[in-house]
Amino acid sequence: MQSGVQVPYHRPSIGDEEIDEVVRTLKSGWLTTGPRTAQFEQEFGAYADVPHALAVNSCTSGLHLALAALNIGPGMEVITTPLTFCATVNTIIHTGATPVLADVGPDGNIDPASIQSRITGKTRAIVPVHFAGLPCDMDAIWFLARRHGLDVIEDCAHAAGAFYKGGHAGAASPLTGEHSAASVFSFYAVKNLTTGEGGMVLTHDQELASRMKILSLHGISKNAWNRYSDRGHWGYEVLESGYKYNMSDIQASIGIHQLRKLEGFIETRTRFVELYNSLLADVEEVERPPEKPDCRHAWHLYTLRLNLERLAIGRDEFIEQLKDRGVGTSVHFIPIPLHPFFASRAKLRQNYCPRALDLYPRLISLPLFPAMTEDQVEYVAKAVTQIARKSRKQVWAAMAAAGD
Ligand SMILES: *Cc1c(COP(=O)(O)O)cnc(C)c1O
């Protein structure tokens, strides 16, 4: 067995453009929310084709901000997926509302039929997550939302660069014009586009956009940059009890250049996915991640699914053996009901999600990032193949030997 890391789980792609822009910002005398944040908002909104964009300091704060600005709070229920990062559920709890889990479908995304079964008189909103970068069935979700008068807030943490039926994930459908109330992206270090930490909220609603902007900075009527451009007038008013969720110009300096590279990043991710898929096509112990014909997958994650019925080892042992071969991996996600805090919430315990619980012990996220090389993809695929072959259950091994 080789020692040392051959392929890390992730390495960010930061070039001289980002570094030089950060240095210019540091020398400019303006570090917090200012001209570069405004530029990043304008350019990200234009890229995704949504009229209002608000940069924030994380996707988590963006999700909370959107829910709060939509007046979601105590006594209301918000439906989301069990196969997500805890932030999606925590932010619902932060508003005082009750999170309700709908099960996932075979693609790992929230299943509209399960959403429908969870709708009650208290339901106010749906928060779908485009798992791994594969868009959810938004037409079905928008249909349910319209019929029951619900807001949709898309968790687009994985979806920068994803397209749903020809429109960017989080934008309006070019076919029907339907769109969500808000869509929230993450620029956390491992995401498709990074600012180190950061996020962006997109909306078609001018009023919601200005409410979110005010709430994102203490509920103050003008931000510091606007006061500065007003030739330093000192006046401001607190209109609501707001939060401190604004993005800094240092973060935006990185984002401006990451955005220009995003299409190239997605192309590289897609090329590596195709290579993984072809190298693993004949390995019957694993299943390749799902895709949909009417969507462009953003390939934030390459989530391999183990065929446990054909394997003599479980997922955790598979991960250990990959680690022994120097391959970093991760698991997306530990389903929400398996965390002690969420398990202690009666409502979440009641929301039985068998498909998410069945999928979880089979999931492994393999390294997938633009800075890796084809040799590294081949190395990982070979490691997966070797482990799968030598861990074959006897009955399958015998059938394979008999030429099945
Ligand atoms: C990363 C992630 C978040 C949180 O993003 P931050 O920018 O770190 O707050 C939310 N939801 C999902 C599905 C994520 O993967």
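The values are calculated or read from the model by the stated rules, or taken from the named source; none is laboratory data. Computed from a predicted model, the values in this text were never measured in an experiment. FYI the Cβ positions are ideal-geometry reconstructions off the backbone, even for glycines, and counts take in every protein chain you see. When the accessible area is computed, the model is the full protein with side chains, heavy atoms only, and any ligands, DNA or RNA have been set aside. Shrake-Rupley method; radii C 1.70, N 1.55, O 1.52, S 1.80 Å.
Assorted remarks:
- Extreme residue, nearest to the chain's Cα centre (by Cα), among residues of region 269-299 that are of a type in the set (Lys, Arg) and assigned to a helix (DSSP H, G or I): ARG269
- Across region 46-62, the qualifying residues are those that are open to solvent by less than 20 Å² (accessible area, probe 1.4 Å) and not hydroxyl-bearing (Ser, Thr, Tyr), and the one among them that is nearest to the ligand (Cβ to nearest atom) is CYS59.
- Matching entry among ARG24, ARG11 (being assigned to a loop (DSSP other than H, G, I, E, B), charged (D, E, K, R) and open to solvent by 10 Å² or more (accessible area, probe 1.4 Å)): ARG11
- Filter result (in contact with a Leu (Cβ under 7 Å, 6 or more places away or on another chain) and open to solvent by 10 Å² or more (accessible area, probe 1.4 Å)) within region 369-383: GLU374, GLU378
- Matching residues, region 152-179, being open to solvent by less than 40 Å² (accessible area, probe 1.4 Å), over 18 Å from ASP107 (Cα atoms) and either in contact (Cβ under 8 Å) with a residue 40 or more places away in the chain or part of a helix (DSSP H, G or I) (or both): ILE153, ALA160, GLY161, GLY167, HIS168, GLY170, ALA171, ALA172
- Among residues of region 134-168 being in contact with a strand residue (DSSP E or B) (Cβ under 8 Å, 6 or more places away or on another chain) and on the phi > 0 side of the Ramachandran plot, the one that is nearest to the ligand (Cβ to nearest atom) is GLY161.
- Unique residue being farther than 23 Å from GLU240 by Cα and either surrounded by fewer than 24 Cβ atoms within 10 Å (Cβ to Cβ) or of a type in the set (Ser, Thr, Tyr) (or both) when the list is THR91, THR81: THR81
- Whenever a residue of region 266-294 is not assigned by TED's automatic domain parsing to the domain that holds GLY161, it has no partner that is assigned to a loop (DSSP other than H, G, I, E, B) and of a type in the set (Val, Ile, Thr) lying with C-beta atoms less than 9 angstrom away and at least six residues away or across chains.
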